[in-house]
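Here's the structure, in structure tokens; my notes come after.
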């Protein structure tokens, strides 16, 4: 059956769900999405664990920057080079999904990140992310919003991790910071799901692929991958995903622009409290 014929059948089944040969496509999609979202939740745990393992090791390698009372503010170029080495040489950080690594002083003022263009330098990260101040005492993660964080895809949110960089005395000389945006992370998850679905289709000898989207959600909203149609993100935002996943994974169905979709969502506490991942899916 070609795509046009499949689309016509889908529309007919939406209009006449009791028609012989029509399956409940939305429920079927929701069941598939439930399996997908379980895989994505497992992947998120692995992604967060990479950062959790790698950051303390990275901080040890950055210790020379604050040794003997040295002030990293006086060698910004050296800070960037050191961050690049850490990202390259610490295995967990080399594969982490982080969009940046940065060094801030003990008061939270960003000194330099590892990107070509640094828009963080001079910002007080403890002001932007108050919970990050706890990173002076040990590894911590938090969420929030960098100034001017909105994109053409809409508002975004940042996940941040920090760990102290210790001087010889044991005092905190600086704070090592990393993170990603929810929309960037959703794109990573969506690409990972795409790889899985392509592999499954290849094993079946079937070229058919569902329409699917992946998003991260919390109490502030739903953050889908770039290029997700706004109408689909809006539909997910109307599902009360935080409330429906309070007792465990949830799934449901929704019709978007005359197409039947199934969705499934699950909390991901390793990422952040009251935060989760959702998969929206529709079969051909």
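Within the range 272-284, take every residue that is assigned to a loop (DSSP other than H, G, I, E, B) and closer than 16 Å to residue 30 by Cβ and give me the one that is farthest from the chain's Cα centre (by Cα).
The first filter runs over the range 272-284 and keeps only residues assigned to a loop (DSSP other than H, G, I, E, B), leaving 272-275, 283-284.
Narrowing further to those that are closer than 16 Å to residue 30 by Cβ: 283-284.
Values: 283: 25, 284: 27 Å.
This residue is 284.
Taking residue 50, is it within 30 Å of residue 105 (Cβ to Cβ), at pLDDT 95 or above and within 27 Å of the chain's Cα centre (by Cα)?
yes
For the range 140-255, which fully contained helices (runs of 4 or more DSSP H) count at least 3 residues that are in contact (Cβ under 8 Å) with a residue 60 or more places away in the chain and more than 26 Å from residue 125 (Cα to Cα)?
Passing ranges, in order: 182-204.
Take residue 121 and decide whether it is part of a loop (DSSP other than H, G, I, E, B) and either out of contact with any strand residue (DSSP E or B) (no Cβ under 9 Å at 6 or more places or on another chain) or more than 30 Å from residue 233 (Cβ to Cβ) (or both).
yes
Condition (residue is at pLDDT 95 or above, surrounded by 22 or more Cβ atoms within 10 Å (Cβ to Cβ) and under 12 Å from the mean Cα position of the chain (by Cα)) applied to the range 239-253: is it met by at least one residue?
No, the range 239-253 has no match at all.
Note down all Cβ pairs under 7 Å where the first residue falls in the range 48-74 and is more than 23 Å from residue 159 (Cα to Cα), the second is surrounded by 14 or more Cβ atoms within 10 Å (Cβ to Cβ) and at pLDDT below 95, and they're at least six residues apart or on different chains.
none
Against the definition (without any contact (Cβ under 8 Å) to a residue 40 or more places away in the chain, in a loop (DSSP other than H, G, I, E, B) and within 18 Å of residue 39 (Cβ to Cβ)), how does residue 269 come out, yes or no?
Yes, satisfied.
Being under 27 Å from residue 44 (Cβ atoms), modelled with pLDDT of 95 or more, surrounded by 12 or more Cβ atoms within 10 Å (Cβ to Cβ) and in contact with a helix residue (DSSP H, G or I) (Cβ under 9 Å, 6 or more places away or on another chain): is that true of residue 89 here?
Yes; evaluated as a whole, the condition is true for this residue.
Restricting attention to the range 211-233, does a residue exist that is under 30 Å from residue 111 (Cα atoms) and over 13 Å from the mean Cα position of the chain (by Cα)?
There is at least one residue in the range 211-233 that is under 30 Å from residue 111 (Cα atoms) and over 13 Å from the mean Cα position of the chain (by Cα).
Kindly establish whether residue 37 is at pLDDT 95 or above, within 20 Å of residue 191 (Cβ to Cβ), surrounded by fewer than 22 Cβ atoms within 10 Å (Cβ to Cβ) and in contact with a strand residue (DSSP E or B) (Cβ under 8 Å, 6 or more places away or on another chain). Working first, answer last.
On the way: at pLDDT 95 or above: yes; within 20 Å of residue 191 (Cβ to Cβ): yes; surrounded by fewer than 22 Cβ atoms within 10 Å (Cβ to Cβ): no; in contact with a strand residue (DSSP E or B) (Cβ under 8 Å, 6 or more places away or on another chain): yes.
For residue 37, the condition - at pLDDT 95 or above, within 20 Å of residue 191 (Cβ to Cβ), surrounded by fewer than 22 Cβ atoms within 10 Å (Cβ to Cβ) and in contact with a strand residue (DSSP E or B) (Cβ under 8 Å, 6 or more places away or on another chain) - is not met.
How many residues does the range 40-75 contain that are within 23 Å of residue 266 (Cα to Cα) and surrounded by fewer than 20 Cβ atoms within 10 Å (Cβ to Cβ)?
Residues that pass the stated criteria total 7.
The values are calculated or read from the model by the stated rules, or taken from the named source; none is laboratory data. All values reported here derive from a predicted model rather than from experimental measurement. Don't worry about glycine lacking a Cβ; one is built from the backbone with ideal geometry, like all the others, and counts go over all protein chains shown.
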